[in-house]
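The values are calculated or read from the model by the stated rules, or taken from the named source; none is laboratory data. What you are looking at is a predicted structure, and each value in this text was computed from that prediction instead of being measured. All Cβ positions, glycine included, derive from the backbone under ideal geometry; neighbour counts span all protein chains shown. Protein only, heavy atoms only, side chains kept; ligands, DNA and RNA dropped before computing areas. Shrake-Rupley method; radii C 1.70, N 1.55, O 1.52, S 1.80 Å.
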Amino acid sequence: LAEELDISQDKSKQVLSSIISSITSALKKGDSITFVGFGTFMVSNRSARKGRNPKTKEEIEIPAKKVPKFKPSKNFKDSLNSN
């Protein structure tokens, strides 16, 4: 990032940290973030369920939680498969 933008390493770390912080804040509020030509970050709700401890085979309760998801744009997916 620093090389491509011709900025210092510290400045590039600040820029990246700021972007990640903004995305995280928006997702915590339940918003989605779309980068045109790249994709969309969103939050999905995972419901509570029963699971098993693989070591003891004991049944456990897995609580409901929010999980981040990313849906790549068509342009992004197509660019990965072009020469």
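Only one of the numbered conditions (1) closer than 27 Å to Ser79 by Cα; (2) in a helix (DSSP H, G or I) is violated by Lys11, and that is (1). Among the residues of region 17-42, those that are under 25 Å from Leu80 (Cβ atoms) and open to solvent by 90 Å² or more (accessible area, probe 1.4 Å) comprise Ile20, Val36.
Looking only at region 70-83, which residues are part of a strand (DSSP E or B) and open to solvent by less than 100 Å² (accessible area, probe 1.4 Å)?
Residues satisfying the conditions are Phe70, Pro72.
Close Cβ contacts (under 6 Å, 6 or more residues apart or on different chains) running from residues in region 2-24 that are of a type in the set (Ser, Thr, Tyr) to residues that are open to solvent by less than 70 Å² (accessible area, probe 1.4 Å) comprise Ser12/Ala2. Taken over region 43-58, the criterion of being open to solvent by less than 100 Å² (accessible area, probe 1.4 Å) and either in contact with a Leu (Cβ under 8 Å, 6 or more places away or on another chain) or over 26 Å from Ile20 (Cβ atoms) (or both) is satisfied by Val43, Ser47, Ala48, Gly51, Asn53, Thr56. Restricting attention to region 59-68, the residues that are touching a residue at least 24 places away in the same chain (Cβ under 8 Å) and open to solvent by less than 100 Å² (accessible area, probe 1.4 Å) total 1.
In region 50-69, what residues are aliphatic (A, V, I, L, M) and assigned to a loop (DSSP other than H, G, I, E, B)? First the steps, then the outcome.
Residues of region 50-69 that are aliphatic (A, V, I, L, M), as a first pass: 60, 62, 64, 67.
Of everything in region 50-69, just one residue is aliphatic (A, V, I, L, M) and assigned to a loop (DSSP other than H, G, I, E, B), namely Ala64.
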